[in-house]
1. Checking the table 249/276; 6/32; 47/249; 197/276 against a 18 Å threshold on Cα-Cα, which pairs fail?
2. If amide H atoms are built 1.01 Å from N in the plane of the peptide, which residues on other chains or at least 5 residues away come under 5 Å of the amide H of residue 138?
3. Given N residues in the chain, what is its alpha carbon radius of gyration divided by 2.2 N^0.38 Å?
4. What's the exposure ranking of 91, 97, 63, going from fewest to most Cβ atoms within 10 Å?
5. Could you work out [θ]222 nm for the chain from helices alone, using -39500 (n - 2.57) per DSSP H run of at least four and dividing by all its residues? Round to the nearest 500 deg cm²/dmol.
6. Would you work out the relative contact order for the chain, in percent, from Cα pairs under 8 angstrom that are 6 or more residues apart?
7. Residue by residue, what Karplus-based ³J(HN,Hα) values in Hz, rounded to whole numbers, does segment 106-111 have, using 6.51, -1.76 and 1.60 with θ = phi - 60° and x for Gly and Pro?
8. How big is the antiparallel share of DSSP beta bridges in the chain, given as a percent to the nearest 5?
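Read-outs throughout are calculated quantities, based only on the coordinates presented, and are distinct from any laboratory measurement. These numbers come from a predicted model, not from an experiment. Glycine also receives a Cβ, built like all others from the backbone with ideal geometry; neighbour counts cover every protein chain displayed.
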Amino acid sequence: MRAIVKTAPGEGHLELKEWPEPHPRSSEVKLKIAAVGICGTDIHIIKGAWTCKPPVVLGHEWCGTVVDAGPEVKQLRPGDRVVSSNPARTCGHCYHCLAGNDFMCPERVSAGYMIDGAFADYLCIDAKRCHKLPDHVTFRQAAVGEPLAVAVHAVIERTSVHAGDLVVVSGPGCIGLLTTQVAKLEGARVIIAGLDKDKARLACARRLGADVVVNVEEQDLVEVVHQHGGGRGADLVYECSGTPASLAKCWEAVRKEGTLAPLGVYPGPITTDFNKIMMKELRVAGSYGYVWTSWQRAVQLLSDGKIRADELISHEFPLEQYEQAFRVTQDGTGIKVVLSPELRNPRVAV
Ligand SMILES: [Zn+2]
Ligand SMILES: [Zn+2]
């Protein structure tokens, strides 16, 4: 089969090549991959800034059709369309696995950087990770299932937004745009912030229902937040960009006794004003990944048409054009960029 393989550690070393087709273990299904999202993590991996185990097939946000199943699989059969979560393997018996948050399992192995992922024609995954897609949810829409599960976990499961709350989302990437949509569904007013290079993403945020859109290179975010937050600041702030400059503004934007949720991945240890947590009596809620219920909600929201997934997908490319796909992801021209193994010609939203 075809696969995009990171062949060696360090920057680059990415190749589209022939790769052995996987065979399902007894509890696994084999999926014919329909669409795979490109994520910021993939860019970190390509730059050599994220641990991976080469040679390895990248791609961790997939959906597809079941084409084969191991003998233990009862709940899925060939022809089923699914999206699936990605701790590909966990121990199943540690505290976190038993408590239902297997993303925290110390033995978690993720597909797409530790073992082979989905930038390929086929992938095998444990059947219990899969969530069936209703017929009316397209694979294109399901390609945002994974980041949507991340946003659901952050907004609904790790923090609680109440109707009328003022929410700030800093960083208008895919996670930020989905966090905005989920917070809006919970009844919040949302201010989303980005940079000059995020113009297309900020315009998308406006279309998706963000109440206020701020380019922080033109306007002072904290001033805007005070205008809309009665001088107090925001009830909840989601830091989705993973940059120290954004985090510095987030400490100022959140109101006393408010909640700050860091969702972005920072380049390494950073210097920040930790006193704000104590002096403003803040709650800080880390959010990383998702649990089973995040996926149930994510698929339900897609099924109900409550998340405008199609608007988020700016580009679809065949596997062969992966270099271009990574380029538009990295330079900010793309919003969500998807690789579709069966696509012949790229599709670009205008
Ligand atoms: Zn990702
Ligand atoms: Zn475990």
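1. Over 18 Å Cα-Cα: 6/32; 47/249; 197/276.
2. Placed amide hydrogens put nothing under 5 Å from residue 138.
3. The chain yields a ratio of 0.97.
4. 91, 97, 63
5. The helix-only estimate for the chain comes to -7000 deg cm²/dmol at 222 nm.
6. 17 percent
7. Going residue by residue, I get x, 9, 4, 10, 9, 6 Hz, with x marking Gly and Pro.
8. Of all bridge pairs located within the chain, approximately 55 percent are antiparallel.
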